[in-house]
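Participant: First the structure, which I've put down as structure tokens, then a few questions once you've had a look.
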Amino acid sequence: MPLERVVEFRIATQVDLLPEVIYFIGKTGAAMFEERPEKLPRPRDPAVLQKAKKIDEFLSQLLLYASPQQVALPLTTLESQIDSVLERLEALYKEVSYYTRLIDELRIKLAVSRDIAGVKTAAPPRTEALEVFVALPGRAVKEAVELAKSLKATVAQQGNALLVAVERRNAPQLRNALEKLGVRVFSLQEVADIEPPNVLEERLRRAEEELKESVERQKDLINYAYTLRNAAAAVAETFNKSAIDEGMETGRLFESYEKEIKKLEEQLTNLSKIRKVLEALSERGRLKLPEGFKLVVDPETPITAPHVLQEINGVKVALVRGEARGVEVPPEYLSDIKTGRELVENAIKSLEASLQRLRKELEMLEKLYREYSIYGDGRWEEHKDVASVMLYVLEKDVKKIDDALAEFVKHNLGKLDVVRRTRYKYFDAVPVERRPTLEKYPTPIRQFTKIVYMYGVPKPNEISPVPLVALLFPVFFGWMYGDLGHGSLLFLLGLLLMKKLYGGKYRDWGIIWALTGLVSMFFGAFVYQEVFGFGFKELGIKMPIPPILHLFGEGHELVTTEGVMAGIKAAFILGFLLILLAFLSKFINTLLKGEPDVAVAVVLPQVMLFFSLGMVFFSLMKDALHLEFMAPLLQLPWLYIFVGAFMWSAAGAFALRAKYKHHEEAPPITEEFIMGFVESSLGALANIPSFARLVILILIHGILAKLVNSVAIALGPAGILFAVFGHSLIAAAEGLFSMVQSLRLVFYETLSKFYEGRGRLFTPLALP
């Protein structure tokens, strides 16, 4: 597998400056940050990331009126950029807020003005006995009218407004009641003071234009703030996932484990002493203590209280009346010594299990700390308020990181202790379990990583199936979709995806489908000699060679038996060879994992299991598939070879189990033996016939195309539209079916036999 070499960096600095380190490195676009193990503590939140959150508050309002674009950020400190942007952004925010409030106010006034326009033309009379209101009830028209009439008011509706006349003594009561109902109430004088709609519309238009101009003038600032906000968010996410506390938080974690272990050890020691005493007293069955006395094991001397001191089974025991420091034996243990011994034994076993678990956890924590910390020395106080990150860089890009760190130091020289407390190391040898994967392939092989990575990313120590999939997927698809016409449509779709559709966003998929279309055209032209369901002979097209597979006959004969059997034979042989290749790849992968004993003892016989059962399968199908050319090979005693391979695998698994009996991290030998045997057996019996779908799909494809052509010819001129629709439907539906079945043959029938795909893709942080 063509892999790029990566090196590992570990960088430590003050917590508040670590986001700056991440920013400067992120600007290079060359580093992938390692996530912090769950067990290791996260440092506190840096102040600069708290500041960055304020940008969001301002942008949430501003982005309602702008469509920002990403711009390049300068190579300076994140904090200085945030401070500069916040000051300018706040001023713009205040300006925009003023216009938004003004616009909202004008819109409300305009709505009111439009609603009361009809009332102004009505010119209601003014009298001393009556008070006249203009009410805007909104949706509560019925309720407002009923309320007004209940107070003996006269109501006239003018558009969306109500003209209400009521006796002056009832006017305050009516007004208050209407306002509680949510109705807007205006006096005639207030109505007269409201500007007309045309004036308000002009003011609103000017305010909206001024808002737009204000935002447009600060377009560069908004773009900058938008980009900075996104960059700060990426830095914050990286910090939260990757930053490791090097000081007191980690120290407290270790201390908590050590305290708990010490506590349990003391309890275990005390219980062991009690057990010795109970063992010495076991013949008595029970021991009744004098009233007011207690039995204390290993007491501190001198004992001031009345007591009797003696030694039992190598342990000092005191019968004490009063207070004495030591381990008191519970009275219930003495009343039934046998039961007491059982309780003590159970408690000791439980404590030992807990101690073992805690020690393992502490050991794992120490391992993680040494593996991920830049210091690994346990000097918590010395590294107080310091945090670190681990990152991976391509070997060719190491200088970029060196330069980025130099820039970081240069821009932060004013910070306290920045130079003294910033340090970094890098390691050439990255452990394979942590090493990210970056494969390099030429076009078009590189594009097929999209398909392979749907299954999983290869580990650095396993064979990458990308070149194999780049071959198999187009061949499988073209085999099932083989038609010169439909293949050309797929090729055209690929070209459009590469160039024009979606702005070239799906260029990689365009290359995949263009290549797959070409293979489909090849199968259509040379294997089946079909174009849109018509045979080349029907169209008068003469080829220098006959079709490789005669699936479809001429005249009344739609499908030929000979052609179908030839197709099935080719599919079965291809399937057998591919699965054999997969098992051989599994053998190589096991060697690459550093397990040569498992490879030779368990995996290699699986290859023979599959090969022997495959030969048995072909011997049974010899006559049906005309496999006479394989006769010399098929005559060998493959059942005996199968039994021999099984015994080899079983003996190897048994030997390896004995070898790794006392190893905590032993390879999964039993699982490998059982699953390998099942896969090998079922692979020969089930997976090989599964490749018959290659023939089934192309038969369905061809039959549907010929049926569409038959109906179209019968319809006459109208059949042209039917043919276009029918072939479009076939091209789409059969394309989907062929893709699904191609993926199944690639993933399940082939890759699942040898490929784990549990690696990590090298994905560097790239800031603008």
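Participant: Take PHE526 and tell me if it is at pLDDT 95 or above and part of a helix (DSSP H, G or I).
Facilitator: Details: at pLDDT 95 or above: no; part of a helix (DSSP H, G or I): yes.
When the stated conditions are applied, PHE526 does not pass them.
Participant: Shifting gears a bit: In this structure, does GLY494 turn out to be outside any helix (DSSP H, G or I), in the same structural domain as LEU704 (by TED's automatic domain parsing) and at pLDDT below 95? Lay out the reasoning, then the answer.
Facilitator: On the way: outside any helix (DSSP H, G or I): no; in the same structural domain as LEU704 (by TED's automatic domain parsing): yes; at pLDDT below 95: yes.
No: the conditions fail for GLY494.
Participant: Could you please find all residues in region 334-361 being closer than 25 Å to GLY285 by Cβ, in contact (Cβ under 8 Å) with a residue 60 or more places away in the chain and aliphatic (A, V, I, L, M)?
Facilitator: If we filter region 334-361 for residues that are closer than 25 Å to GLY285 by Cβ, which is where we start, we get 334-349.
Retained after the next criterion (residues that are in contact (Cβ under 8 Å) with a residue 60 or more places away in the chain): 340-341, 344-345, 347-348.
Residues satisfying the conditions are VAL344, ALA347, ILE348.
Participant: Check LEU604, LEU539, LEU577 and return the single one that is in a helix (DSSP H, G or I), surrounded by fewer than 18 Cβ atoms within 10 Å (Cβ to Cβ), in the same structural domain as VAL475 (by TED's automatic domain parsing) and not hydroxyl-bearing (Ser, Thr, Tyr). Step through it out loud before you land on a result.
Facilitator: Working: LEU604 fails: surrounded by fewer than 18 Cβ atoms within 10 Å (Cβ to Cβ); LEU539 fails: in a helix (DSSP H, G or I).
Matching residue, one of LEU604, LEU539, LEU577: LEU577.
Participant: Any idea which of ILE548, ILE568 is surrounded by fewer than 19 Cβ atoms within 10 Å (Cβ to Cβ), on the phi < 0 side of the Ramachandran plot and of a type outside the set (Gly, Ala, Ser)?
Facilitator: Values: ILE568 fails: surrounded by fewer than 19 Cβ atoms within 10 Å (Cβ to Cβ).
So the residue among ILE548, ILE568 that is surrounded by fewer than 19 Cβ atoms within 10 Å (Cβ to Cβ), on the phi < 0 side of the Ramachandran plot and of a type outside the set (Gly, Ala, Ser) is ILE548.
Participant: Moving on. Yes or no: region 226-233 includes at least one residue that is in a helix (DSSP H, G or I), among the charged types (D, E, K, R) and crowded, with 18+ Cβ neighbours inside 10 Å. Give the derivation first.
Facilitator: Step one: of region 226-233, the residues in a helix (DSSP H, G or I) are 226-233.
From the residues that got through so far, the ones that are among the charged types (D, E, K, R) too are 229.
Narrowing the set further to residues that are crowded, with 18+ Cβ neighbours inside 10 Å leaves 229.
Within region 226-233, one or more residues are in a helix (DSSP H, G or I), among the charged types (D, E, K, R) and crowded, with 18+ Cβ neighbours inside 10 Å.
Participant: Determine, yes or no, whether ARG88 is closer than 30 Å to ALA406 by Cβ and in contact with a strand residue (DSSP E or B) (Cβ under 8 Å, 6 or more places away or on another chain).
Facilitator: Working: closer than 30 Å to ALA406 by Cβ: yes; in contact with a strand residue (DSSP E or B) (Cβ under 8 Å, 6 or more places away or on another chain): no.
Taking the combined requirement at face value, the residue does not satisfy it.
Participant: Shifting gears a bit: What pairs can you find where one residue is in region 441-462 and surrounded by 15 or more Cβ atoms within 10 Å (Cβ to Cβ), the other is part of a helix (DSSP H, G or I) and among the basic types (Lys, Arg), and their Cβ atoms are less than 9 Å apart, with a gap of 6+ or different chains?
Facilitator: What qualifies is GLN447/ARG507.
Participant: Let me ask something else. Scanning for something under 30 Å from LEU761 (Cβ atoms), surrounded by 22 or more Cβ atoms within 10 Å (Cβ to Cβ), of a type in the set (S, T, N, Q) and modelled with pLDDT of 90 or more, does region 507-516 turn up at least one residue?
Facilitator: yes
Participant: Here are GLU371, GLU323: which of them is surrounded by fewer than 18 Cβ atoms within 10 Å (Cβ to Cβ) and at pLDDT below 85?
Facilitator: Values: GLU371 fails: at pLDDT below 85.
One residue alone meets the criteria, GLU323.
Participant: Then there is this: Might you check whether a residue that is among the polar types (S, T, N, Q), in the same structural domain as GLU562 (by TED's automatic domain parsing) and either surrounded by 15 or more Cβ atoms within 10 Å (Cβ to Cβ) or not in a helix (DSSP H, G or I) (or both) occurs anywhere in region 711-731? Reasoning before the result, please.
Facilitator: The first filter runs over region 711-731 and keeps only residues among the polar types (S, T, N, Q), leaving 728.
After this cut, where a residue has to be in the same structural domain as GLU562 (by TED's automatic domain parsing) as well, the list is 728.
In the following step, the residues that additionally are either surrounded by 15 or more Cβ atoms within 10 Å (Cβ to Cβ) or not in a helix (DSSP H, G or I) (or both) were identified as none.
Scanning region 711-731, I find no residue that is among the polar types (S, T, N, Q), in the same structural domain as GLU562 (by TED's automatic domain parsing) and either surrounded by 15 or more Cβ atoms within 10 Å (Cβ to Cβ) or not in a helix (DSSP H, G or I) (or both), so the answer is no.
Participant: Of the conditions (1) without any contact (Cβ under 8 Å) to a residue 12 or more places away in the chain; (2) more than 28 Å from GLU38 (Cβ to Cβ), ARG379 satisfies every one except a single condition; which number is it?
Facilitator: (2)
Participant: Hey, another quick one. Look through ILE274, ILE261, ILE303 and report the one residue that is touching a Pro at 6+ places or on another chain (Cβ under 9 Å) and either of a type in the set (Val, Ile, Thr) or not assigned by TED's automatic domain parsing to the domain that holds ALA324 (or both).
Facilitator: Details: ILE261 fails: touching a Pro at 6+ places or on another chain (Cβ under 9 Å); ILE303 fails: touching a Pro at 6+ places or on another chain (Cβ under 9 Å).
The conditions single out ILE274.
Participant: So which pairs qualify, if the first residue must be in region 61-73 and assigned by TED's automatic domain parsing to the domain that holds GLU213, the second must be of a type in the set (D, E, K, R) and buried (at least 16 other Cβ atoms within 10 Å of the Cβ), the Cβ gap must be under 9 Å, and the two must be at least 6 apart or on different chains?
Facilitator: LEU73/LYS27
Participant: Would you be able to tell me the number of residues in region 163-212 that are touching a strand residue (DSSP E or B) at 6+ places or on another chain (Cβ under 7 Å), part of a helix (DSSP H, G or I) and either among the basic types (Lys, Arg) or more than 19 Å from ALA111 (Cβ to Cβ) (or both)?
Facilitator: 5
Participant: If the requirement is being over 30 Å from ASN313 (Cβ atoms), more than 41 Å from the chain's Cα centre (by Cα) and at pLDDT 90 or above, which of these qualifies: ARG206, ARG229?
Facilitator: Working: ARG229 fails: more than 41 Å from the chain's Cα centre (by Cα).
Residue meeting the stated conditions: ARG206.
Participant: Additional query: Out of PHE677, PHE673, PHE618, PHE654, which single residue is in a helix (DSSP H, G or I), free of Cβ contacts under 8 Å to residues at least 12 places away in the same chain and in the same structural domain as GLN741 (by TED's automatic domain parsing)? Let's see the steps before the verdict.
Facilitator: Numbers: PHE677 fails: free of Cβ contacts under 8 Å to residues at least 12 places away in the same chain; PHE673 fails: free of Cβ contacts under 8 Å to residues at least 12 places away in the same chain; PHE618 fails: free of Cβ contacts under 8 Å to residues at least 12 places away in the same chain.
One residue alone meets the criteria, PHE654.
Participant: I would also like to ask the following. Sort through ILE244, ILE274 and tell me the only one that's surrounded by 13 or more Cβ atoms within 10 Å (Cβ to Cβ) and under 30 Å from GLU381 (Cβ atoms).
Facilitator: Working: ILE274 fails: under 30 Å from GLU381 (Cβ atoms).
Just a single option satisfies the conditions, and that option is ILE244.
Participant: Also, I was wondering about something else. Being over 15 Å from LYS27 (Cβ atoms) and of a type in the set (Val, Ile, Thr) is the filter here, so list the residues in region 390-416 that pass it. Don't jump to the end; show me each part of the working.
Facilitator: Within region 390-416, the first condition is being over 15 Å from LYS27 (Cβ atoms), and the residues that meet it are 390, 392, 394-396, 398, 413-416.
Hit for region 390-416 is VAL398, nothing else.
Participant: Do any residues in region 474-488 that are surrounded by fewer than 24 Cβ atoms within 10 Å (Cβ to Cβ) have Cβ atoms under 9 Å from those of residues that are assigned to a loop (DSSP other than H, G, I, E, B), where the two are at least six apart or on different chains, and which pairs are they?
Facilitator: Matching pairs, first to second residue: LEU484/GLN529; LEU484/PHE532; LEU484/PHE536; GLY485/PHE532; GLY485/GLY533.
Participant: Conditions first: (1) within 29 Å of LYS425 (Cα to Cα); (2) surrounded by 16 or more Cβ atoms within 10 Å (Cβ to Cβ); (3) among the charged types (D, E, K, R). LYS109 passes all but one, so which condition is the exception?
Facilitator: In the conditions (1) within 29 Å of LYS425 (Cα to Cα); (2) surrounded by 16 or more Cβ atoms within 10 Å (Cβ to Cβ); (3) among the charged types (D, E, K, R), LYS109 misses (1) alone.
The values are calculated or read from the model by the stated rules, or taken from the named source; none is laboratory data. Given the structure is predicted, the values throughout are model-derived calculations rather than measurements. Positions of Cβ are generated from backbone atoms using ideal geometry, with glycine treated the same way; all protein chains shown enter the neighbour counts.
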